[in-house]
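Remarks on the structure that follows.
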Amino acid sequence: MESQIDFLDSQTLAPRRDVTAGNIIVSSRGLPWEGIYIEKGENEEFLPDNVTVDRHYFAMNAGAALEWEWKDGKIFKTHRYETGDLWINPAGIPFSHRVRGRNQFVLLTLDPSKIPELLPDRPLLESLAFRREHQSRDKHLQALMQALLIEAEMGGPNGRLYADTLSVALAAHFVNHYSLDRPLELPSLHRGDRGSLKRVIEYIEANLAEDISLADMAREAGASQSHFSRSFKKAFGLTPYRYLMKRRVERAGLILKKESPAIARVAHQFGFTDQSHFTRAFKQIKGLTPKQFLQQ
């Protein structure tokens, strides 16, 4: 059986027909699972070069320990993967591997567009970025992948609800432990209050660099400024202003970490009056200056 996972050229995004995972023994092909796919197989070697997958991609060593080389910049690094060790690659991130000799694997893909559907109470998930992880020994992911694989091998006897439950658990674990930006947790509130707070949070995220006023936030919530301020502080433990500053600093920190641009440019990008203002706010919230943060 052929693999159903499409490897794409990392530059052109054209399918790489010369790259295949190998001989597939078990897969969820044909099962009515939405957004998630799993397969188990084996090959004599796996040497993909500058490819990507348009879904979040999880590869687990299902056989004996092996040497796994992966490209980091211009050089290859080598790690010894024991049985159960994982490679976790976010959707669209290029990679090159060298796995030589006979090996067995379990591959799972998760559709990024399905994560917000699987976790409807977690807003703004579509904007999250995720980190690559090599030689991960994540027992939760191992167990969830194994459960999905057994279900696929048996032909899905427990039905879609069982697969959906496992998919939700896997998506939640991935978001909680592999996102670069901490996902937002809405507190347990009355449904109406949750809805209004979600609208405000989405408004803040969409306008982090703008001069947002308390009146703007209250209007999004459909409440008076005083009522909104009390509700927001009760829910999040922060005033709306402190929350806005916290999110600006967190998002700025993510940009600094990923792209390393000039600090002054990031300060301007996120609506701070100048670099000094940004540095003071950054240190108050993160406990160190932007420069120290980059050095760390």
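The values are calculated or read from the model by the stated rules, or taken from the named source; none is laboratory data. This is a predicted model, so every value here is computed, not measured. Note that each Cβ is placed from the backbone with ideal geometry, even for glycine, and that neighbours are counted across all protein chains shown.
Table for the structure above
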{"item": "Filtered residues of the stretch 132-179 (kept if surrounded by fewer than 16 Cβ atoms within 10 Å (Cβ to Cβ), within 25 Å of E67 (Cα to Cα) and aliphatic (A, V, I, L, M))", "result": "A143"}
{"item": "Matching entry among A152, A143, A147, A169 (being in the same structural domain as D54 (by TED's automatic domain parsing) and touching a strand residue (DSSP E or B) at 6+ places or on another chain (Cβ under 7 Å))", "result": "A152"}
{"item": "Members of the stretch 178-210 found to be assigned to a helix (DSSP H, G or I), touching a helix residue (DSSP H, G or I) at 6+ places or on another chain (Cβ under 8 Å) and at pLDDT 80 or above, listed by number", "result": "S196, L197, R199, V200, Y203, I204, E205"}
{"item": "Yes/no for F232 being assigned by TED's automatic domain parsing to the domain that holds E205 and either under 18 Å from K291 (Cβ atoms) or of a type in the set (K, R) (or both)", "result": "no"}
{"item": "Pairs with Cβ under 6 Å, 6+ apart, first in the stretch 148-171 and assigned to a loop (DSSP other than H, G, I, E, B), second of a type in the set (A, V, I, L, M, F, W, C)", "result": "G156/L31"}
{"item": "Residue in the stretch 205-214 that is within 23 Å of the chain's Cα centre (by Cα), crowded, with 16+ Cβ neighbours inside 10 Å and among the aliphatic types (A, V, I, L, M) present", "result": "yes"}
{"item": "Residue within the stretch 104-116 that is more than 21 Å from Y37 (Cα to Cα) and either touching a Pro at 6+ places or on another chain (Cβ under 9 Å) or surrounded by 13 or more Cβ atoms within 10 Å (Cβ to Cβ) (or both) present", "result": "no"}
{"item": "Residue list for the stretch 258-290, restricted to those being of a type in the set (D, E, K, R), part of a helix (DSSP H, G or I) and either loosely packed, with under 15 Cβ neighbours inside 10 Å or on the phi > 0 side of the Ramachandran plot (or both)", "result": "K258, E259, R265, R280"}
{"item": "Output for the stretch 32-49, where each listed residue is loosely packed, with under 15 Cβ neighbours inside 10 Å and either over 18 Å from E2 (Cα atoms) or touching a residue at least 60 places away in the same chain (Cβ under 8 Å) (or both)", "result": "P32, E34"}
{"item": "Subset tally (residues that are over 10 Å from I5 (Cβ atoms) and either outside the structural domain of T83 (by TED's automatic domain parsing) or not in a strand (DSSP E or B) (or both)) for the stretch 19-31", "result": "5"}
{"item": "Residue tally, condition under 18 Å from E67 (Cα atoms) and at pLDDT 95 or above, over the stretch 16-42", "result": "2"}
{"item": "Every residue from the stretch 1-41 that is of a type in the set (K, R) and touching a Pro at 6+ places or on another chain (Cβ under 8 Å)", "result": "R16"}
{"item": "Test: residue in the stretch 122-140 that is assigned to a helix (DSSP H, G or I) and touching a residue at least 60 places away in the same chain (Cβ under 8 Å)", "result": "yes"}
{"item": "In the stretch 77-99, the residues that are charged (D, E, K, R) and either surrounded by 15 or more Cβ atoms within 10 Å (Cβ to Cβ) or not assigned by TED's automatic domain parsing to the domain that holds G22 (or both)", "result": "D85, R98"}
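So that you can scan it fast, the table gives a plain yes or no per residue for (1) of a type outside the set (D, E, K, R); (2) at pLDDT 90 or above:
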{"site": "G84", "(1), (2)": "yes, yes"}
{"site": "R100", "(1), (2)": "no, yes"}
{"site": "E117", "(1), (2)": "no, no"}
{"site": "D121", "(1), (2)": "no, no"}
{"site": "L128", "(1), (2)": "yes, no"}
{"site": "D138", "(1), (2)": "no, yes"}
{"site": "Q142", "(1), (2)": "yes, yes"}
{"site": "L161", "(1), (2)": "yes, yes"}
{"site": "V168", "(1), (2)": "yes, yes"}
